[in-house]
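K.L.:
Submitted below is the structure of interest, expressed as structure tokens.
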Amino acid sequence: MRIVLDLDPPLRAVHRPDGYLRLEDLGVIGDGATVALVGVDGSIPWLCLPRFDADAVLAGLLDNQRGGHFTVTPPDLREGRQYYLPDTAVLVTELRTDTGLLQITDAIVVRPGSDLTDDAPAGRCELVRSARVLSGTIRLDIDLRPRDGGQTRAALDGVELRPSRCPDLRLHLRANRPLTSLPASFDLHEGEQVDLVLSWGRIHRHHRFDAEEMLATTADAWRRWMTNFAYSGPQEPLVRRAAITLKLCDDWVNGAMVAAPTSSLPAPIGGVRNWDYRYAWIRDASFTVFAMRRIGFANEADAFLGWVLDAFEQTPEPRIMYTLDGRPVPGEVEDPGLSGYRGSAPVHWGNGAADQRQHDVYGEVLDCADQWVRAGGELQPALWAKLRDLAHASEQAWQEPDQGIWEVRNDSRVLTYSTGMCQVALDRAAGLGEQLGLPGPTDQWRTTAAALTRRILEQSWDDKAQTLSAHLHGGGALDASLLALPLRKVIPATHPRMIATASAIAARLDAGDGLLYRYLHDQTPDGIEGDEGAFVLCSFWLVDNLVHQGRLDQAHDLYASLCARTSPLGLLAEQIDPTTGGFIGNFPQAFSHIGIIASGVNLARAGETA
């Protein structure tokens, strides 16, 4: 199988459709508290401070005029390329002009000696940018402009900025050359460099800085963390990068993981399906834990499981998503001050789906509890009492309409996948009760779980369409979430009706070249205007089904084609535009990288068995 991730990519022309970089021309750096997106042109158009879900101090990604940016770039840029230092989140951007070649090394740095497996902050609240001329001469333009501007003044050792929208946040930009105002320019010759440190904490502002040392110690910390990586299967370099990308989406203190570190990137361009993904979804936990544990990162898996159970224990009813510290997600508001990525308004902060009824959450929480116990965790009596109540609730919830895994925003119906996840809740509750001798009607739960599986196979089946249906009461409308039923052990992938369903989804939800739509909007309206792109994770679910059906050649081919769609840095967005092949939706999307890992693991294991 051809390795698709090029660790030494060629220089290429820099494109800015509608004045914006393509999402596939962005890299991500972070420190477990926040991330920055770094463009192949040397710009940083996205940075929320001091953490993932705080205000976007730099939001040029959502408005290239008013959003703000941190640019380190030559004015006569011709070509660029990006690559990561191996096994790190230290990003290198090389820029070619008519007169020279510039190399910029970027990282949100961590403290020397940091152990990234610890559930503790490792960051220094500092972003380092080191620009060095590799050949020729370069005129280097530097500017830092927060959203809506701010107060700037010369400080003793650099420039201090107070963003207008975040007056309590003090930004301090230092350099290894005199820097008293912004914008600034430097004329550099071969071998010369400009080092910059942007700080948003007060601890290190007046200390001498050594950019090379800060970058080196950060790279060392990442490489120590990657010594835990354990995978031998297809596309290993890409799986390694996916693991680091998931770690960048991880809140290292709380153990939660954001669905994506961005908000309101549209799917499709010009559409209104623009949502804030900077929160932690309960359903992400089970998929994440499966992926991370099987490639050697048990600590991250356990931390996310523990976070889920803590958040569940502290709220009267299970919620589908939480902030990173386990609080309710803010209500959804539109931001008229930003025009949106490539003009795709509205921009949203908060998430309107946070209070939806989504019955799969019952199965998600109990599946997390089951995985927690399998990994050696304990269930205290008070937590088991809440889990037991959840199992009881799922016995009735499956009969009621909900908004489901895709968070539709119209009148709900009884969904097959939600029913399947109620089956998961009952199955896992019965298993926990039997294994640990916990109080609860385990026999009743087992009986009801088996009955739900039969009900799905019988009531959801549409004989004319030869498929299970999106809705429990049939009708033949398809939903790619049905592909996840075997992955959650609701129905075997080898069951004749599941095989037929997977084939129907591959044929009828086909977006071309291995891509899949979640559903068809004319058959399954979701209450939101417009269409959307192909949802990347759904295609990885199809890979997993093919593996479990024993169709390994097809699975390998599909997996390779999906991996070939990653960016030059090995990153993926939530969706892909089937017409252009371009990335759409929030970026980088944790779910998509979970697919790279999980499907790779399944293929590797199937190969060992064969």
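K.L.:
Filter region 145-165 down to the residues that are among the aliphatic types (A, V, I, L, M) and open to solvent by less than 10 Å² (accessible area, probe 1.4 Å), then identify the one that is nearest to His189 (Cα to Cα).
P.N.:
Filtering first and then ranking leaves Val159.
K.L.:
Taking the condition of being closer than 21 Å to Gly270 by Cα and either open to solvent by 30 Å² or more (accessible area, probe 1.4 Å) or not in a loop (DSSP other than H, G, I, E, B) (or both), how many residues in region 43-59 meet it?
P.N.:
Number of matching residues: 1.
K.L.:
Do we find that Ser394 is touching a Pro at 6+ places or on another chain (Cβ under 8 Å), open to solvent by less than 10 Å² (accessible area, probe 1.4 Å) and among the polar types (S, T, N, Q) in this structure?
P.N.:
Against the criterion (touching a Pro at 6+ places or on another chain (Cβ under 8 Å), open to solvent by less than 10 Å² (accessible area, probe 1.4 Å) and among the polar types (S, T, N, Q)), Ser394 does not qualify.
Quick grid of which residues meet (1) at pLDDT below 95; (2) under 30 Å from Trp222 (Cα atoms):
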residue	(1), (2)
Arg165	yes, no
Leu173	no, yes
Thr180	yes, no
Leu188	no, no
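K.L.:
Of all residues in region 80-113, how many are among the hydroxyl-bearing types (Ser, Thr, Tyr), open to solvent by 20 Å² or more (accessible area, probe 1.4 Å) and outside any strand (DSSP E or B)?
P.N.:
Looking only at that region, the number is 1.
K.L.:
Another one. When region 560-580 is examined, which residues are found to be under 21 Å from Leu47 (Cα atoms) and acidic (Asp, Glu)?
P.N.:
Passing the criteria: only Glu574.
K.L.:
Could you list, in sequence order, the residues of region 211-232 that are among the small types (Gly, Ala, Ser) and open to solvent by 30 Å² or more (accessible area, probe 1.4 Å)?
P.N.:
Ala216, Ala230, Ser232
K.L.:
Scan region 362-377 and give yes if some residue there is open to solvent by 10 Å² or more (accessible area, probe 1.4 Å), at negative phi, of a type in the set (A, V, I, L, M, F, W, C) and touching a Phe, Trp or Tyr at 6+ places or on another chain (Cβ under 9 Å), otherwise no.
P.N.:
Within region 362-377, not a single residue is open to solvent by 10 Å² or more (accessible area, probe 1.4 Å), at negative phi, of a type in the set (A, V, I, L, M, F, W, C) and touching a Phe, Trp or Tyr at 6+ places or on another chain (Cβ under 9 Å).
K.L.:
Going by the conditions given, is Asp168 under 31 Å from the mean Cα position of the chain (by Cα), without any contact (Cβ under 8 Å) to a residue 12 or more places away in the chain and either farther than 16 Å from Leu58 by Cβ or surrounded by fewer than 17 Cβ atoms within 10 Å (Cβ to Cβ) (or both)?
P.N.:
yes
K.L.:
Of the residues that sit in region 581-610 and are in a loop (DSSP other than H, G, I, E, B) and touching a strand residue (DSSP E or B) at 6+ places or on another chain (Cβ under 6 Å), which one is farthest from Val40 (Cα to Cα)?
P.N.:
Within region 581-610, the match that is farthest from Val40 (Cα to Cα) is Gly585.
K.L.:
May I pose another question? It is to be established whether one or more residues within region 171-188 are in contact (Cβ under 8 Å) with a residue 60 or more places away in the chain, surrounded by 12 or more Cβ atoms within 10 Å (Cβ to Cβ) and either of a type in the set (Val, Ile, Thr) or in a loop (DSSP other than H, G, I, E, B) (or both).
P.N.:
No, region 171-188 contains no residue that is in contact (Cβ under 8 Å) with a residue 60 or more places away in the chain, surrounded by 12 or more Cβ atoms within 10 Å (Cβ to Cβ) and either of a type in the set (Val, Ile, Thr) or in a loop (DSSP other than H, G, I, E, B) (or both).
K.L.:
While we're on this one: Name the residues in region 464-492 that are more than 25 Å from Asp526 (Cα to Cα) and open to solvent by 10 Å² or more (accessible area, probe 1.4 Å), would you?
P.N.:
Within region 464-492, Lys489, Pro492 meet the criteria.
K.L.:
Give the residue that is most open to solvent (accessible area, probe 1.4 Å), with candidates limited to residues of region 276-309 that are under 15 Å from Leu324 (Cβ atoms) and of a type in the set (Phe, Trp, Tyr).
P.N.:
Among residues in region 276-309 that are under 15 Å from Leu324 (Cβ atoms) and of a type in the set (Phe, Trp, Tyr), the one most open to solvent (accessible area, probe 1.4 Å) is Tyr277.
K.L.:
Let me ask you something else. Checking Val40 against (1) touching a strand residue (DSSP E or B) at 6+ places or on another chain (Cβ under 8 Å); (2) open to solvent by 20 Å² or more (accessible area, probe 1.4 Å), which single condition isn't satisfied?
P.N.:
The number of the failed condition is (2).
K.L.:
Can you report the number of residues in region 528-568 which are open to solvent by 10 Å² or more (accessible area, probe 1.4 Å), closer than 16 Å to Ile3 by Cβ and among the aliphatic types (A, V, I, L, M)?
P.N.:
2
K.L.:
Which of the residues belonging to region 189-199 are more than 27 Å from Gly337 (Cβ to Cβ) and open to solvent by less than 20 Å² (accessible area, probe 1.4 Å)?
P.N.:
Val194, Asp195, Leu196, Val197
K.L.:
Could you list, in sequence order, all residues of region 116-136 that are modelled with pLDDT of 95 or more and either in contact with a helix residue (DSSP H, G or I) (Cβ under 7 Å, 6 or more places away or on another chain) or open to solvent by 60 Å² or more (accessible area, probe 1.4 Å) (or both)?
P.N.:
The answer is Leu116, Val128, Ser130, Arg132.
K.L.:
I've got another one for you. So Val90 clears everything in (1) over 15 Å from Leu127 (Cβ atoms); (2) touching a strand residue (DSSP E or B) at 6+ places or on another chain (Cβ under 7 Å) except one condition, right? Which one?
P.N.:
Result: Val90 fails condition (1) only.
K.L.:
Could you tell me which residue of region 316-328 is least open to solvent (accessible area, probe 1.4 Å), considering only residues that are more than 17 Å from the chain's Cα centre (by Cα) and in contact (Cβ under 8 Å) with a residue 12 or more places away in the chain?
P.N.:
Gly326
K.L.:
Cβ-Cβ under 7 Å, sequence separation 6+ or interchain: first residue in region 206-218 and small (Gly, Ala, Ser), partner open to solvent by less than 40 Å² (accessible area, probe 1.4 Å). Which pairs?
P.N.:
These pairs meet every condition: Ala211/Val128; Ala211/Ser130; Ala211/Asp195; Ala211/Val197.
K.L.:
Cβ-Cβ under 7 Å, sequence separation 6+ or interchain: first residue in region 286-306 and farther than 21 Å from Leu603 by Cβ, partner polar (S, T, N, Q) and buried (at least 23 other Cβ atoms within 10 Å of the Cβ). Which pairs?
P.N.:
Pairs that qualify, where the first residue is farther than 21 Å from Leu603 by Cβ and the partner is polar (S, T, N, Q) and buried (at least 23 other Cβ atoms within 10 Å of the Cβ), are Phe304/Thr288.
K.L.:
Which of (1) farther than 24 Å from Leu49 by Cα; (2) in a loop (DSSP other than H, G, I, E, B); (3) out of contact with any Asp or Glu (no Cβ under 7 Å at 6 or more places or on another chain); (4) open to solvent by less than 10 Å² (accessible area, probe 1.4 Å) does Gly270 not meet, given it meets every other one?
P.N.:
(4)
K.L.:
If you scan region 210-256, which residues turn out to be part of a helix (DSSP H, G or I) and of a type in the set (Val, Ile, Thr)?
P.N.:
Thr217, Thr218, Val239, Ile244, Thr245
K.L.:
Which of the residues spanning region 581-597 are open to solvent by 10 Å² or more (accessible area, probe 1.4 Å) and over 16 Å from Ser264 (Cα atoms)?
P.N.:
Gly581, Gly582, Phe591
K.L.:
Of the conditions (1) in a helix (DSSP H, G or I); (2) surrounded by 15 or more Cβ atoms within 10 Å (Cβ to Cβ), Ala382 clears all except one; give me its number.
P.N.:
For Ala382, the failing item is (2).
K.L.:
Also: What number of residues in region 301-353 are part of a helix (DSSP H, G or I) and more than 28 Å from Phe290 (Cα to Cα)?
P.N.:
The qualifying residues number 3.
K.L.:
Something else: Considering Leu77, Leu62, which residue is open to solvent by 10 Å² or more (accessible area, probe 1.4 Å) and in a loop (DSSP other than H, G, I, E, B)?
P.N.:
Leu77 is the lone residue from the list that is open to solvent by 10 Å² or more (accessible area, probe 1.4 Å) and in a loop (DSSP other than H, G, I, E, B).
K.L.:
Restricting attention to region 247-267, and to residues there that are touching a strand residue (DSSP E or B) at 6+ places or on another chain (Cβ under 7 Å) and within 29 Å of Asp557 (Cβ to Cβ), which single residue is surrounded by the most Cβ atoms within 10 Å (Cβ to Cβ)?
P.N.:
Cys249
The values are calculated or read from the model by the stated rules, or taken from the named source; none is laboratory data. Just so you know, these numbers come straight off a predicted model, no measurement behind them. All Cβ positions, even for glycine, are placed from backbone atoms using ideal geometry, and neighbour counts span all protein chains on display. All accessible areas refer to the heavy atoms of the entire protein, side chains included, with ligands and DNA or RNA removed. Shrake-Rupley method; radii C 1.70, N 1.55, O 1.52, S 1.80 Å.
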